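Enquirer: The structure is given below, and queries will be raised subsequently.
What follows draws every value from the coordinates through simple rules; no lab data is involved. Just so we're clear, the structure is a prediction, and the values are computed from it rather than from any experiment. As a convention, Cβ positions derive from the backbone with ideal geometry for all residues, glycine included, and neighbour counts pool all protein chains shown.
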Amino acid sequence: MTDTVPARTEGLPHAQVQRRVLIVLVAAQVLSGAGLAAGVSVGALLAQEMLGSTGLAGLPSALGTAGSALAALAVGRVSQARGRRPGLAAGYLTGAVGSAGVIAAAVAGNAALLFLSLFVYGAGAATNLQARYAGADLASPARRASAVSTVLVATTLGGVVGPSLTAPTGDLAHSLGVPYLAGPFLLAGAAYAMAALILVVWLRPDPLLLAGALEAECVAAAGAQPGEAAGRPRPAVEGHRSRLLVGALVMVLTQLVMVAIMTMTPVHMRDHGHGAGASGFVIAVHIGAMYLPSPLTGRLVDRYGRLTLAAASGLTLLAAGIIAATAPGGSVASLVVALALLGVGWNFGVVSGTAIVTDAVPLATRAKTQGMVDVAIAVAGATGGMASGLVVAAAGYPLLAVGGGILALAIVPAAVATARDR
């Protein structure tokens, strides 16, 4: 940790530094959200076109998830050793390299290079998710969830813009002699590279390094316990392994259930005669519900407690599963409600779970532990996606939806039991 963070903020109010950090993170998240959504929107189609078959069209998603899991671990370790700025910037640059590789693979018609590049491209998704932790490094315990939600909601802006530029970027790619479907990866590469540049230039002071420096100064000057930096009391849950496990459990279960139900909803709708437009609308509502409530969720978590909103996520996901399972004839209106609740339940789980994990881990191991938690989240998402098709093929969509809701309900007793231990 060589960054001279105390000198950079001498005389600056803590709140002012935190506002600057959040502004920089939000700017980077808007760009990275565009890069993430742009590539995801056409990855499967590009694979299908290059291979001439739909058999491996789902492989891009699996490869991206695998790359995301590995990158989450790497970004966490780099951030722990050198700070959030180099960790996040390296992750986004890796995503940009993956985007360039996809373009080269499309031009060369090389499927092996395409799959390798999609694996590398997954680093961008992992970094986009890990950035939420950086927003909480300097936040007081009473404002951590709000800080996390501010960073999280910024992804929505880029996520909306990215897919809408599929046609223009495809036209640009075609004019450059690049296959049309590789066009969005031009945007993805540029967006990830710009996000990395913003972090390298403006994420100063580094929030994780500054938090560590403030804590060390407080301990040295006043004999305070670690975690009481800058006059901020260490939360009672910090350092409790059980709380860490509960926070991870909340995010893992919400991710698994959300991905499983979301993945098979368009298939279920198609089986009931609905077209791509209807399923696209349902998924769009779902994605909006995943991110747009974040500012409100953050305030609710800070006001009513992490465990309260964690339990609410399990109940909301159960409601989503029941409504999806009982939607008559794949009713679009019913599925809109179900997928909206699915997104809100996921949002509750991610914001509350992130706050629980951040509270529970000391600064000395915070970023590394957060990276390991995100690996588990990525694996859960991949598992949910792969298992969902098998469940629907064997037992049908209603059982998948209800089963997912019941699985998510396990969050409630875990949260209640943890609250009683306080």
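Enquirer: Using a/c under 1.5 as the rounded threshold, could you call the range 270-310 rounded, prolate or oblate? The axes a ≥ b ≥ c are square roots of the C-alpha gyration tensor eigenvalues, and prolate needs a/b larger than b/c, oblate otherwise.
Expert: prolate
Enquirer: For each of T265, T254, count neighbouring Cβ atoms within 10 Å of the residue's Cβ, then give the residues from fewest to most.
Expert: By the 10 Å Cβ count, ascending, the order reads T265, T254.
Enquirer: From Cα pairs below 8 angstrom and at least 6 apart in sequence, can you work out the relative contact order of the chain, rounded to a whole percent?
Expert: Dividing the mean separation by the residue count of the chain yields 23 percent.
Enquirer: Whole Å is fine, so just give me how far the alpha carbon centre of the range 151-191 lies from that of the range 254-302.
Expert: Their Cα centres are 21 Å away from one another.
Enquirer: Cut-off 10 angstrom, C-alpha nodes, Gaussian network model of the chain. Which of L199, L339, L172 fluctuates the most?
Expert: Evaluated over the chain, the most mobile residue of the options is L172.
Enquirer: Another question about this same structure. Between V259, V332, V373, where does the largest GNM mean-square fluctuation fall for the chain, given springs only between Cα atoms within less than 10 Å?
Expert: Between V259, V332, V373, it is V332 that shows the largest mean-square fluctuation.
Enquirer: Just check the chain against the gyration tensor rule for me: Cα atoms, a ≥ b ≥ c as the square roots of the eigenvalues, rounded for a/c under 1.5, and otherwise prolate or oblate depending on whether a/b exceeds b/c.
Expert: Since a/c reaches 1.5 but b/c is at least a/b, the shape of the chain is classed as oblate.
Enquirer: Does the range 236-420 come out rounded, prolate or oblate, given a ≥ b ≥ c as the square roots of the eigenvalues of its C-alpha gyration tensor, rounded meaning a/c under 1.5 and, failing that, prolate meaning a/b above b/c?
Expert: Note, shape of the range 236-420 comes out prolate.
Enquirer: Under a GNM of the chain (C-alpha, springs under 10 Å), which listed residue has the highest mean-square fluctuation: N347, N110, N128?
Expert: N110
Enquirer: Would you compute, from DSSP H runs of 4+ residues alone, the mean residue ellipticity of the chain at 222 nm, taking -39500 (n - 2.57) per run and dividing by the full residue count, rounded to the nearest 500?
Expert: Helix-only estimate at 222 nm: -27500 deg cm²/dmol.
Enquirer: Still on this structure, please answer the following. Where in the chain are the DSSP H helices whose C-alpha atoms run 18 Å or more along the long axis and whose mean Kyte hydropathy is at least 0.5?
Expert: Long hydrophobic helices here: 14-40, 59-82, 84-108, 111-136, 144-164, 183-202, 207-222, 241-271, 276-291, 306-326, 332-360, 366-395.
Enquirer: Something else now. Please get the size of the charge dipole for the chain, origin at its Cα centre, with Cβ charges of +1 on Lys and Arg and -1 on Asp and Glu, quoted in debye to the nearest 20.
Expert: 760
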